[in-house]
Amino acid sequence: MTPFQRCEGVVVPLDRLNVDTDQIIPARFLTSISRSGFGPNLFYGWRYLPAGPGGAAPVPNPDFELNEERFAGAPILLTRRNFGCGSSREHAVWALQQQGFRVVIAPTFGDIFYQNSLKNGFLPVVLPEEAVDELFQAARKANALQLVVDLETQTVSAPSAGLRYSFEIDGFSRDCLLRGLDDVALTLTEADAIRAFETRHLAAYPWLARDLNATT
Amino acid sequence: MTKTLFDKLWDTHAFADREDGTSLLYIDRHLINEVSSPQAFEALDLAGRRAWRPGSSFAIADHNVPTTERGFGIADPLSRAQVDALERNCRNQGIAFLGMADMRQGIEHVVGPEQGVTLPGMTVVCGDSHTSTHGAFACLAFGIGTSEVEHVLATQSLRIRRMKSMRVNVQGELAPGLVAKDIVLALIGQIGTSGATGHAIEYAGPAIRALSMEGRMTICNMSIEAGARAGLMAVDDTTIAYLRGRPHAPEGELWDQAVAYWRTLKSDEGAVFDREITLDASRITPQVTWGTSPEMVTGIDGLVPDPDREPDAARRESYRRALTYMGLAPNTPIRAIQLDKVFIGSCTNARIEDLRAAAAVVRGRRKADSISLAMVVPGSGLVKEQAEREGLDRDFVAAGFEWRDSGCSMCMAMNADRLSPGERCASTSNRNFEGRQGAGGRTHLVSPAMAAAAAIAGHFVDVRELGPGEQR
Ligand code: SF4
């Protein structure tokens with residue numbers, strides 16, 4: 001996993017509640033066996049105008065925030081409660097990353113999306129509603145508000161607007177992100193503990209040991 | 001010390017605790033589908049790793065499979081590549097795989113319990129958010145992403161923190177004609193789609209105990225729509241009766257031993273939850289969603305809300321957007337909403353009981369001419385077979401419905417079944433997000449009987465007023 005320490009750049013305000021993963025990346029783009037190629041389909045239904053007949057190339061919707069010139073290449077997304085709710089698709093995180101995002105800030109996240117983000121070196125920052133409100137206001141005033149998100153110090157700041165907030169993240173995830181650890185390799189260092197637990201567990205509940213390859 | 005059901009499940013599976021508050025959680029059962037697994041298998045192969053305990057996993061292709069003319073295979077090359085990759089990866093890693101041609105194929109959350117792959121007391125994970133369904137069997141069951149799929153394959157565990165616990169007490173009795181779907185939609189309407197974020201919800205109370213396993217699965221299934229990681233229900237006679245004789249359930253002495261343990265899987269008297277909520281089942285009416293989030297829901301007697309009367313600014317804006325997308329004017333009576341299509345299916349409502357309820361409404365009637373398509377997609381090949389034995393397929397076909405093969409189908413429109421832009425659908429699935437059933441499509445979530453009634457009337461009606469179809 002790519003390490004995450006700090007990110008500095010323009011924030012895109014996406015003032016919507018409950019942005020679900022079907023909006024982040026619609027299901028019809030999930031028929032892929034690779035991890036790449038999702039970026040252009042990020043927020044597809046909002047980002048492009050409804051397709052005309054004949055399946056012509058999609059036309060960007062000028063009213064969608066992401067399409068504004070001042071936000072081109074911005075690495076930070078600011079949004080409202082419950083971002084990433086709905087399906088477990090990790091493709092949502094891949095699509096955001098492949099579009100150039102590295103951080104998303106919201107008051108709450110869908111639980112699975114939050115986990116998926118951490119596994120990909122993508123930082124979900126939880127800030128209180130009031131802080132998110134203030135950031136939205138600052139973003140609206142500025143043409144393109146610059147933010148600094150620092151995982152080391154666990155802070156988000158907007159120097160030009162004089163704003164600064166701390167955020168919480170659990171120690172394990174923070175450590176993995178900062179060092180870019182591969183968590184499978186990390187867990188496998190505990191293989192002996194897993195094996196010992198498994199032996200005890202399957203002895204205590206022997207019906208769990210059944211091999212599902214066994215025909216019935 | 002008194003424990004909640006969640007505590008019991010957590011404590012029997014968590015080990016290797018760390019100071020940062022995380023533990024390794026041992027995973028008993030891993031369900032695998034074609035959409036969320038290819039990148040996980042690829043990463044496993046690249047690292048030269050093998051599945052830790054391949055016999056604990058179970059794979060099914062369900063999201064992409066066609067629901068008609070299966071004999072011709074999958075027309076879309078990308079979908080076909082995903083299903084082929086699943087089969088190849090499973091063979092490679094020694095994991096049991098149910099292919100499209102298998103009689104038992106179906107939606108993973110229908111097939112798992114049906115085959116006894118899901119058993120009480122297990123931790124069950126799957127790269128799919130509706131894994132919460134399996135909690136109806138007193139399992140700690142939750143959806144994971146692709147990286148975690150890889151992690152579970154490689155280590156049989158996940159490093160996570162304990163969830164918070166919440167109990168939803170459903171008191172009283174449902175009125176006749178109302179079902180589990182109405183309970184869970186009413187709950188989501190009350191607490192919102194992030195109402196249970198970070199929590200495992202245990203459902204309790206007389207209205208839950210009175211439900212069949214099918215109904216209980218419907219409720220646990222939609223826990224994710226309330227933001228919960230998992231839904232849980234205690235074991236009782238209904239649970240045990242459902243499991244007896246299932247292909248992968250234990251037998252003989254092992255069965256007795258398992259049952260004795262399973263019966264302990266309930267919250268102790270006096271156990272303390274982080275949050276408790278009470279719902280009165282007797283006050284619930286048939287639920288219909290009007291917007292683009294499952295929390296945008298009301299009773300059949302209700303009206304589409306007026307955004308201007310919503311005090312919270314962010315919510316007001318989201319109501320406005322939803323009404324624009326849904327093509328609905330404020331204050332429209334729910335009953336006046338005309339439909340184009342009807343979908344009966346999905347891991348929420350495609351079990352035998354759901355199909356019986358819908359068939360009982362349509363029997364001896366015809367769908368309205370204005371309904372261009374009404375389709376029934378059984379949750380599994382075995383559900384389909386059972387329904388055909390009971391003659392339900394003939395009731396549907398005689399009423400002008402299409403009777404399909406099993407799969408996810410128009411729940412998420414990954415296969416050929418989808419809405420066209422602007423089309424409006426009554427659906428028994430679980431998500432009414434923008435474009436969920438096809439780009440530009442408009443989804444209203446309802447129970448199977450309400451969907452059937454809407455197909456007959458051409459608009460929403462109270463199924464209790466329409467009354468049952470012909471008796472058999
Ligand atoms: S039926 Fe729908 S919700 Fe259920 S697993 Fe399939 S796509 Fe997901």
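You will find that of B:Thr289, B:Thr298, B:Thr238, the residue that is hydroxyl-bearing (Ser, Thr, Tyr) and either over 23 Å from the mean Cα position of the chain (by Cα) or within 14 Å of another protein chain (Cβ to nearest Cβ) (or both) is B:Thr289 and no other.
Matching residues to (1) modelled with pLDDT of 95 or more; (2) more than 14 Å from chain A (Cβ to nearest Cβ); (3) surrounded by 24 or more Cβ atoms within 10 Å (Cβ to Cβ); (4) closer than 30 Å to B:Glu269 by Cβ:
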{"residue": "B:Ala101", "(1), (2), (3), (4)": "no, yes, no, no"}
{"residue": "B:Val110", "(1), (2), (3), (4)": "yes, yes, yes, no"}
{"residue": "B:Val117", "(1), (2), (3), (4)": "yes, no, yes, no"}
{"residue": "B:Ser132", "(1), (2), (3), (4)": "yes, no, yes, yes"}
{"residue": "B:Cys139", "(1), (2), (3), (4)": "yes, no, yes, yes"}
{"residue": "B:Ala154", "(1), (2), (3), (4)": "yes, no, no, no"}
{"residue": "B:Asn169", "(1), (2), (3), (4)": "yes, yes, no, yes"}
{"residue": "B:Ala180", "(1), (2), (3), (4)": "yes, yes, yes, yes"}
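Of the residues making up the range B:438-460, those that are surrounded by fewer than 23 Cβ atoms within 10 Å (Cβ to Cβ) and touching a Pro at 6+ places or on another chain (Cβ under 9 Å) are B:Gly438, B:Ala439, B:Gly440.
The set of residues in the range A:55-107 that are farther than 25 Å from A:Ala131 by Cα, open to solvent by 60 Å² or more (accessible area, probe 1.4 Å) and touching a strand residue (DSSP E or B) at 6+ places or on another chain (Cβ under 8 Å) comprises A:Pro58, A:Val59, A:Pro60. Listed conditions (1) over 25 Å from A:Ser88 (Cβ atoms); (2) touching a Ser or Thr at 6+ places or on another chain (Cβ under 7 Å) are all met by B:Asp274, apart from (1).
Per the listing B:Ser380, B:Ser409, B:Ser372, the residue uniquely of a type in the set (Ser, Thr, Tyr) and away from the ligand (no atom under 16 Å from the Cβ) is B:Ser372.
Just one of the listed residues (A:Leu42, A:Leu77, A:Leu49) is within 24 Å of B:Thr443 (Cβ to Cβ), away from chain B (no Cβ under 11 Å) and under 14 Å from the mean Cα position of the chain (by Cα), namely A:Leu42. Does B:Met412 satisfy the condition of being of a type in the set (A, V, I, L, M) and either open to solvent by 40 Å² or more (accessible area, probe 1.4 Å) or under 17 Å from the mean Cα position of the chain (by Cα) (or both)? Answer is yes for this residue. Counting the residues of the range B:15-59 that are farther than 26 Å from A:Ala214 by Cα, in contact (Cβ under 8 Å) with a residue 60 or more places away in the chain and more than 9 Å from every other protein chain (Cβ to nearest Cβ) gives 1.
Residues of the range A:123-159 that are more than 22 Å from A:Gln97 (Cα to Cα) and open to solvent by 60 Å² or more (accessible area, probe 1.4 Å): A:Pro128, A:Glu129, A:Glu130, A:Asp133, A:Glu134, A:Gln137, A:Arg140, A:Lys141, A:Asn143, A:Thr153, A:Pro159. Only one of (1) over 23 Å from B:Met100 (Cα atoms); (2) modelled with pLDDT of 95 or more fails for B:Ser380. Which number is that? B:Ser380 satisfies every listed condition except (1). The criterion of at least 2 residues that are more than 20 Å from B:Thr123 (Cα to Cα) and away from the ligand (no atom under 16 Å from the Cβ) is met, among strands (runs of 3 or more DSSP E) falling completely within the range B:164-252, by B:164-171.
For the range A:3-16, residues that are outside any strand (DSSP E or B) and in contact with a Phe, Trp or Tyr (Cβ under 9 Å, 6 or more places away or on another chain) total 3.
The values are calculated or read from the model by the stated rules, or taken from the named source; none is laboratory data. If you're wondering where the values come from, they're calculated on a predicted model, not measured in any experiment. Here Cβ is always computed from backbone atoms with ideal geometry, including for glycine, and neighbour counts include all displayed protein chains. Please note that ligands, DNA and RNA were not included when accessible areas were found on the heavy atoms of the full protein model with its side chains. Shrake-Rupley method; radii C 1.70, N 1.55, O 1.52, S 1.80 Å.
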